[in-house]
Amino acid sequence: MKTIFLSILIFSTSILFSNSIMAQNQNAIIGSWKGELAVSGTKLPLLFHIQKAENKATFSATMDSPAQGAKDIPVSEVIFIENNLTINMPNLGITYEAKLISETEIKGTFKQGGQSFPLVLNKIEKNQDEKETNTLNRPQEPKAPFDYKIEDVKFQNKQTKEETILAGTLTLPKAIDKNKKFPVVILISGSGSQNRNQEILGHKPFLVIADYFTNNGIAVLRYDDRGTAQSTGTFKGASSQDFATDVEAAIDYLKSRNDIDTKNIGLIGHSEGGMIAPMVAANRKKDIAFIVLLAGVGVNGSELLLNQQQAIGKASEMSDEDLQKIATSNQAIFELIKTNTDIKILSQKIKNYLDETILDEEVPTTMSKKDFRMRIKISKKEAKESRFWLRLAEPLKQNQKEKEDLIKEATELMLIFGSILEKSK
């Protein structure tokens, strides 16, 4: 979910599987690889074509998704070290982390939009990678013509050091009265680099939501995450607090328009967006009329990340013993992150912990134990963001009254939102 979480998970997994099945061969991954993602009963074929980059020192690649009619999608980064493969496609929010099992098989986890799926790739011959003609049926996806106004918009986040222009789509209901002002919702995406439709595996949930609300009298603003699709700025390294300022920029933009009912601006946040929405609402109380949380955080951050790691591990067919080792190790590291604010002290404590717990046979033969643990680097920003996540929702768990008050407030917000929806019809 966040950089430090991913690095801990990858690190722990590498400890448990450091004894490679085959010797490192830098050319072993060159070629075409095919696999299938199993998503909600649907199998989605994917192909990766990996080759040496022009400089001959690194790799380049493209990806095909035949069922979606997508071909030669550029891969931003290919990393292959000690039989561990990482494929990054930040513009699509895609990361594939895997291990070369044999000369013909790669096994790992495909991540996009905060979702994780096991993905096994098998090497295929060049004449086997003919593209399939199947198309996925997405009956829920709205089709033109639309009975409302669609406007491409851009607005600037003035709180960032670099220029960050967010590009999005504003949909406005049809109005007989030209002076009518509409209530509006801002859609806030989940973790990972997302476009304005929060598109994943051919699904466009934010498009579906926007269509429904606009047809029912509520305007909708959805936008590409910073550094994604048509939005500028930098996504990598941005925190939840940073993304909250993007939402605030959206609020300021809507308040500048004369066709928006500025007393009825609401937020709908999904996943990480379900955490960002309350943050923004708390900071902009006078501007936000209601919030809706979709699959938001309901437990403290430590519990959430540990459960998520267990689920990913099980999907990767890790043994119960290995899963327990990872849980124990990460729980200890999480506690260090939560309780140490000095980055130098934190880094040293983590390295000391690893030095005490790593077994000699778990260290790759190509490096010493000291070198192995020295590879763990945590920046001040990563530590601060991780501490924020790990301590997330802790007061709610410790204070029953605060929890009851939140439930009461959420109920009131839902009633307000229902009232607005009813009046807008």
Selection status of ALA238, modelled with pLDDT under 95 and closer than 21 Å to LYS158 by Cα: yes
Entirely in region 70-124, the strands (runs of 3 or more DSSP E) that have 1 or more residues that are farther than 19 Å from GLN51 by Cβ, in contact with a Phe, Trp or Tyr (Cβ under 6 Å, 6 or more places away or on another chain) and among the aliphatic types (A, V, I, L, M): 115-124
Which listed residue is crowded, with 16+ Cβ neighbours inside 10 Å, at pLDDT below 80, within 16 Å of GLY301 (Cβ to Cβ) and not charged (D, E, K, R), from ILE358, ILE337: ILE337
Test: residue in region 388-395 that is over 21 Å from ALA98 (Cα atoms), touching an Asp or Glu at 6+ places or on another chain (Cβ under 9 Å), modelled with pLDDT under 70 and assigned to a helix (DSSP H, G or I): yes
Given (1) surrounded by 17 or more Cβ atoms within 10 Å (Cβ to Cβ); (2) without any contact (Cβ under 8 Å) to a residue 40 or more places away in the chain, index of the condition VAL297 fails: (2)
Filter result (surrounded by fewer than 17 Cβ atoms within 10 Å (Cβ to Cβ) and either assigned by TED's automatic domain parsing to the domain that holds ARG196 or at pLDDT below 90 (or both)) within region 103-115: GLU103, GLN115
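This table checks each residue for (1) basic (Lys, Arg); (2) assigned by TED's automatic domain parsing to the domain that holds GLU162; (3) in contact with a strand residue (DSSP E or B) (Cβ under 8 Å, 6 or more places away or on another chain); (4) surrounded by 20 or more Cβ atoms within 10 Å (Cβ to Cβ).
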site	(1), (2), (3), (4)
ALA229	no, yes, yes, no
THR232	no, yes, yes, no
ALA244	no, yes, no, yes
ALA250	no, yes, yes, yes
SER256	no, yes, no, no
GLY266	no, yes, yes, yes
SER271	no, yes, yes, yes
MET275	no, yes, yes, yes
Residue in region 202-216 that is surrounded by 19 or more Cβ atoms within 10 Å (Cβ to Cβ), more than 18 Å from the chain's Cα centre (by Cα), of a type in the set (Phe, Trp, Tyr) and not in a helix (DSSP H, G or I) present: no
LEU221 vs. criteria assigned to a helix (DSSP H, G or I) and either among the hydroxyl-bearing types (Ser, Thr, Tyr) or touching a residue at least 24 places away in the same chain (Cβ under 8 Å) (or both): no
Residues located in region 309-318, provided they are outside any helix (DSSP H, G or I), in contact with a strand residue (DSSP E or B) (Cβ under 9 Å, 6 or more places away or on another chain) and surrounded by 14 or more Cβ atoms within 10 Å (Cβ to Cβ): SER316
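The rows are residues; the columns are (1) in contact with a helix residue (DSSP H, G or I) (Cβ under 9 Å, 6 or more places away or on another chain); (2) in a helix (DSSP H, G or I).
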residue: THR228; (1), (2): yes, no
residue: VAL247; (1), (2): yes, yes
residue: ILE251; (1), (2): yes, yes
residue: VAL280; (1), (2): yes, yes
residue: GLY298; (1), (2): yes, no
residue: ASN307; (1), (2): no, yes
Counted residues, region 156-180 - those being surrounded by 15 or more Cβ atoms within 10 Å (Cβ to Cβ) and farther than 25 Å from PRO278 by Cα: 1
Region 82-102, residues that are among the acidic types (Asp, Glu) and over 30 Å from ASP224 (Cα atoms): GLU82
Which listed residue, of VAL153, VAL185, is surrounded by fewer than 20 Cβ atoms within 10 Å (Cβ to Cβ) and within 29 Å of ALA295 (Cβ to Cβ): VAL153
Residue in region 180-198 that is outside any strand (DSSP E or B) and without any contact (Cβ under 8 Å) to a residue 12 or more places away in the chain present: no
Count - residues of region 319-349 that are touching a Lys or Arg at 6+ places or on another chain (Cβ under 7 Å) and not in a helix (DSSP H, G or I): 1
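The values are calculated or read from the model by the stated rules, or taken from the named source; none is laboratory data. None of the values given here were measured: they were computed from a predicted structure. Don't worry about glycine lacking a Cβ; one is built from the backbone with ideal geometry, like all the others, and counts go over all protein chains shown.
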